[in-house]
Structure formats: structure tokens, C-alpha cells
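Worksheet: one structure, shown below.
The values are calculated or read from the model by the stated rules, or taken from the named source; none is laboratory data. Note that the coordinates shown come from a computational prediction; the quantities given were computed from them, not determined experimentally. No Cβ is skipped: glycine too gets one built from the backbone with ideal geometry, and neighbour counts run over all protein chains shown. Note: areas computed on protein heavy atoms with side chains; ligands, DNA, RNA excluded. Shrake-Rupley method; radii C 1.70, N 1.55, O 1.52, S 1.80 Å.
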Amino acid sequence: MSDSKFKNPIVAWIDYRLPVFSFMEHELHEYPTPKNLNYWWNFGSLAGIILVIMIVTGIVLAMHYTAHTAFAFDSVERIMRDVNYGWLIRYIHMNGASAFFIVVYIHIFRGMYFGSYKSPREILWILGVVILLTMMATAFLGYVLPWGQMSFWGATVITNLFSAIPIVGDSIVTLLWGGFSVDNPTLNRFFSLHYLMPFVLVGIVVLHIVALHQHGSNNPIGIDTKSPQDTIPFHPYYTVKDMFGLGVFLILFFGFVFFAPNFFGEPDNYIEANPLVTPPHIVPEWYFLPFYAILRSFTADAVIYLPISWLMSAKLAGVLAMFASIMVLFILPWLDHSPVRSARFRPLYKQFFWLLIIDCIILGICGAKPAGAPWTYIAQAATAYYFLHFIVIIPLLGFFEKTKPLPTSISEPVLKGGGGSSSAANAKPMEEA
Amino acid sequence: MRKYLISVAVVVSVAVVTSSTVMAAGDVVKPPKQEWSFSGLFGTFDRGSLQRGFQVYDEVCSACHSVRLLAYRNLMDIGFTEEQVKKIAAAKEVTDGPNDEGEMFQRPARLSDRFVKPFPNKQAARAGNNGAFPPDLTLMTKARVGGAHYLHALLTGYKEAPKGKKLAEGMSYNLYFAGNQIAMPPPLSEGGVEYADKTKATVDQMSRDVTTFLAWAAEPELEWRKRLGVKVILFLLILTGMLYGVKRKVWADLH
């Protein structure tokens, strides 16, 4: 024990029997991290922190919430009015869901821009997509709990999607509902599952981090770290940088929580659920809008539906397309076979990346609009482009794109740059902090 | 290539934006924005307006509309004294029971009671209102697009129906209501209430007051929320500034 690396005898004693301190030392302090990570790399740890915030506020909310159709709406209002700081806890949880998606979407697009999904990080990326799917399920389940009009009708629309599955579809929907419409059994099981999913999420996040620590972070240049000169210990360099990023995030986040808490919400959800009154315009939360647009763009007369119209109903095609829009991310590491990771050295890919972002925003706008011309046509074009990007453009770029020469090491451009802040010196728009 | 892609992007986004404005223009008019005492970062509810607004609710709206999430004790938050609120509550009758004989009985309301509803159930409310259900007003400013702006516009938006517009039996024309046909007859009339503080009870004034009252009913935490928010944001600004300094210092030896 005398040769322990820990001076504190209690720490040394514990570590000899349960190596938690060695583990932290290894994964946090010594963990070598590329020294050129920019601020886009803050969003991973930020997402982890939001997950913790969501779990903590969620557990407190569950202490006061009643999962029954007759009491759910009023129990939420009781939290808002009579529970000490209940309004704060609920508004943090409510806006936290939106913040979680903003942060995770940025995290995903950062991975796309800098090619973080490429070998040897394919499983890391796949676990990330699984996290996204789990998050989406959790968010959907949670949105039903306040039992407002949008909760009820959103649940009705989304669960009904499964009825498009041939033969077993209707049975699956009945199973999901626990009856023949969205009702009390549905609310009860959604509450149960909404409480379960975040812990599943934690498990996948741990795997995500294990996979990350196997080969370490990618970096804005996208080349492997070659020597100790290229890396710095995670602590204190990135812990302090992440803390600063967290501070900036919290300022924005609490700006919404305290001054515009219902900015991301739908007014209709402050009307108690009523199965007899359909809202004039059913929309999901903003983070689902692009997927909702893809779902709705498969109408019976849609050009994108024609090639498969002999095979399935338009509704099933829409449902499959919506799921496929995420499933395609699973195979992205193999669709993109360009050997160069970072978009900094891929002039064409960089432009198509931004087109994809614009496409996703257009899909989001279309998802918020009532069905009909011109939105349906715009959504159809945007949906077609979304899949074109992943299935045609990305593989073709691997063949035809002329990439720029890569630096030999991470330190090289830094040393050449002659000091100054390493990445900000020749920053392109994407890399600016 | 780059220029081409950018121009495509610009054309598409312009198309999206222009068509969305075209969509917004229907026959329902967007409620004009008003100045409210409670809007903005530091806004608080004007106490006088809140109390007048309660009077309007109590004397006019409460004939048909409930505010079921409010309790009489909540009125102490808008500047009424406990004695005043007890008096207000005692003027209302609530059904309580069963008593030791197993009978339900009527008693005057107490501070802890929720606001008494005008109708015992939905069916009674519809039967008393030409088939239309007067919605609960507690969350009204949060439950409508436009919030308080919409509410004020609606209350003051009754007009003669334009020629050619046919209204169903018992319906009124309102500029701001979806479809322009509203079952609620114009609720406010000049001098409809007599304000204790001698404020002139114009339709506009009563509408502003009751809207302020209902905005408070929907968000009773608003003042507390904004006060706390200012402190939290100030704290975070300082903390984040300091963290930036620490970050610079820790990273200094690398640059």
C-alpha cells in the first residue's frame, strides 16, 4: 500500500480494495484528449448534465404528480400553484426537454461535420443514435403526462401510426393503449415507462462513454493523435472548459425558464384533454417537427410515394420513412467511405452538410404548418432531399470528392500558426466558439 | 458550385418565408399588441388593475365562467386583506357535507375554498348558455395563442357582422374569434361595473383590468419568477465570467 499513487491513506486504503479512485484518475485526469478541441465539443458533456437535471427534477415532479386521467391535469396545476417552487421545478423539466434536444442535435451535427462516426468510432456513433431514439421515446411519453389537449391528441396520432403495420398493426395499438382508445391505462403505462426510460438512457450513455474512451475524442482536424504532444489531460483542461460552457448554457436556459417558460410549448396543452374535441391543428413538440413533416409527406398522390405505391399504403410508407430517417444514421459510417474525417478538408462535403442543415430546418417549418399546398409539396421535396443526401450524395462524394491535403499531426498547424489560441487563429465559421 | 448551392438555399428560404405570411392572413385578425404592467423582464401586476379586474370577473364573468383553480385565499396575493377576502368568500355559498345526519348542506365559503363555479356541471352550463359551454378561465391567457393580447382583443372585438356574413341563431360577430362567430354575447358594456376607486368603467378599461386579473390567475408565480430570474441570471453572469477567467488561466501555458 505504501507504493500507492494516492497520498491520502484513506483514499489509498479504499482504492486498494475498490479502485474507484484509480478509475477516476485514469478516465478523468490522465485521459489524453486532443488539445485542439473547439467549443462544439462541449455539447457532449452538456447533454450528460442535462440528463441529470431532467432525472432530478423528474423524480421531484413524480412525488406530486397523479397519473390518472381525472387528476393528471389538476395535479400538474397544483405543482405550479401550491407546491413550494413547484413552478420552477416543472418549468426546468419542461424547458429541459427542449434544451436536451437542442444540445443533442448540435452534438450529432458536430459529429457529422467532423466525421466523428468514422472508424474506429462506429459503435460510439451507433450508441449515440440509440440514445437519440430512447430520448425521443422518453420525450413523447413525458409530453402525454400533463394530459392537456396536445398530450392527448399527440398520443392518439402517434400511437395510431402503428396501426399501419400490416396484419398485427391494430393489435399492437390496442396493446399500447391498454384498451380501445387513449385512456387511463395508457396514461398509467406511459408514466411508468417515462420513469423507466431515463435510467435505460443512463446505461446507454455509460456505454457511449466507454466506447468514447477506447479511442478518445475525434478532433476538428479529424486526424488521429500521434504523440503525447498532441494531447492534454482531460482534467483540468476540458473540465474547466466544460464548466465555462455549462455557465453560458445555463444563462440561456434559465433565461427561458424564468422569462419565457412557455416559449417552446403549445397553448393548447393548457386546455385539459377532451376526447370529444379535436384541436384544429395537432402538432408535436418542435423537436419532432422534421420527422412529422417526413411522416406527412407521404400522401397518396405524392411523387415520392409512387415507386412504392404497389407495395404498401401511403400511411405505412410515411411511418417507415419517418423511422428510416433515423435508421439511416445507423449505417452512416458505411455510407460515407471517404477516408477523410473532418469537413475542413472536404470542400464539397462541407457544402452538402450545410444544405442538410437547411433541409432539416425546412422540414421543421413544414412540420409546423397545416397539411396542404404549398407545405406538403415543400415537405415532399425536402424529404426526398434528406434521403438523397444520405443514400446518394454521401456515398458518391467518397468517390468523386477531391479532398485537401491533411496535416501530418495535430501539433503541426498549431506550431506553424505561431502561437495564439490554437483553433481560433484560422477559424472557419463552424469552428468559432 | 458553392455560389449555386447558396443561391438555391436563398431562393428556397425566401419561398418558405413568403408563403408562410400568405398563410397567416385569413379572415381572423391578429390581435394587436398591448402594453401590460406585467410584461417585460421586470413587469409586475398593477395591484389596482388586478383588484378592479377581480371585481369585473366577480360581477360579470362569473355568471357563466368558472376559475376553478383559484382559491379565495389566493386573493390575498393581489392586495386584498384577509378580512376583505373573508368577506368576499362569505358572500358565496358552497355545498359541503355529508354531515352527521348524512345530509349535504350549504355554508358560506371560506378562505380555503376554491372559487365557486356558476354551474354544477357541464350539462347545466350548456343548458344555460344556448348549448355553448363557457370555458374555465383560470388558464385562459396561457391556453390561447396571443395570450393577454388575444383576450383583450376578443373582449373589445365585437362588431356589426359585415354584409353577407350570416350568423347562426344567438351568435355574435367578433373580429378576433376563430371563425368570427362567438356564442358569448358582448360581455362588457359602458359603466357595467362601478369601480370602488372611481376609475371610469369603459369597455376598454374593464377589458384591460379583467385581462390583467386573468393573466395573474393563469400565472400567479409571475412576479416571484421574474424576481428570482433576475438574481439567478446575475449570479450566473458573474460565475460564468469567473469560469472564463479560470479557463484562460488554466489554458495559458498551452498557448
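If the condition is being modelled with pLDDT of 95 or more and crowded, with 19+ Cβ neighbours inside 10 Å, then the range A:267-283 contributes A:Pro267, A:Asp268, A:Asn269, A:Tyr270, A:Ile271, A:Glu272, A:Ala273. When B:Val28, B:Val17, B:Val8 are screened for being at pLDDT below 95, open to solvent by 50 Å² or more (accessible area, probe 1.4 Å) and not in a helix (DSSP H, G or I), only B:Val28 passes. Just one of the listed residues (B:Leu234, B:Leu214, B:Leu239) is facing chain A (nearest Cβ under 9 Å) and not small (Gly, Ala, Ser), namely B:Leu239.
Taken over the range B:85-123, the criterion of being under 25 Å from the mean Cα position of the chain (by Cα), outside any loop (DSSP other than H, G, I, E, B) and hydrophobic (A, V, I, L, M, F, W, C) is satisfied by B:Val85, B:Ile88, B:Ala89. Of all residues in the range A:388-405, those satisfying the criterion of being open to solvent by 40 Å² or more (accessible area, probe 1.4 Å) and part of a helix (DSSP H, G or I) are A:Leu388, A:Ile391, A:Val392, A:Leu396, A:Phe399, A:Phe400.
Of all residues in the range A:159-196, those being open to solvent by less than 40 Å² (accessible area, probe 1.4 Å) and among the hydrophobic types (A, V, I, L, M, F, W, C) number 7. When B:Pro185, B:Pro220 are checked against the criterion of being farther than 20 Å from B:Phe45 by Cβ and open to solvent by 40 Å² or more (accessible area, probe 1.4 Å), B:Pro185 stands alone in meeting it. Taken over the range A:185-240, residues that are part of a loop (DSSP other than H, G, I, E, B) and not charged (D, E, K, R) amount to 10. Of the helices (runs of 4 or more DSSP H) lying entirely inside the range A:62-158, those containing at least 2 residues that are closer than 22 Å to B:Met140 by Cβ and under 24 Å from the mean Cα position of the chain (by Cα) are A:86-113. Among the residues of the range A:361-378, just one is more than 11 Å from A:Tyr292 (Cα to Cα), open to solvent by less than 30 Å² (accessible area, probe 1.4 Å) and more than 10 Å from chain B (Cβ to nearest Cβ), namely A:Thr376.
Given B:Gln55, B:Gln84, which one is loosely packed, with under 14 Cβ neighbours inside 10 Å and either free of Cβ contacts under 8 Å to residues at least 24 places away in the same chain or of a type outside the set (Gly, Ala, Ser) (or both)? None of the others qualify; the one that does is B:Gln84.
Residues that are at pLDDT below 90, charged (D, E, K, R) and in a loop (DSSP other than H, G, I, E, B) within the range A:1-30 comprise A:Asp3, A:Lys5, listed in sequence order. May I ask you to list the residues in the range A:219-240 that are away from chain B (no Cβ under 11 Å) and under 13 Å from A:Trp41 (Cβ atoms)? If the condition is that a residue be away from chain B (no Cβ under 11 Å) and under 13 Å from A:Trp41 (Cβ atoms), then A:Asn219, A:Pro220, A:Ile221, A:Gly222, A:Phe234 are the ones that fit.
Quick check: anything in the range B:148-158 away from chain A (no Cβ under 14 Å) and more than 21 Å from B:Ala218 (Cα to Cα)? Yes, the conditions are met somewhere in the range B:148-158. Of all the numbered requirements in (1) out of contact with any Ser or Thr (no Cβ under 9 Å at 6 or more places or on another chain); (2) modelled with pLDDT of 95 or more, A:Pro228 misses one, and that requirement is (2).
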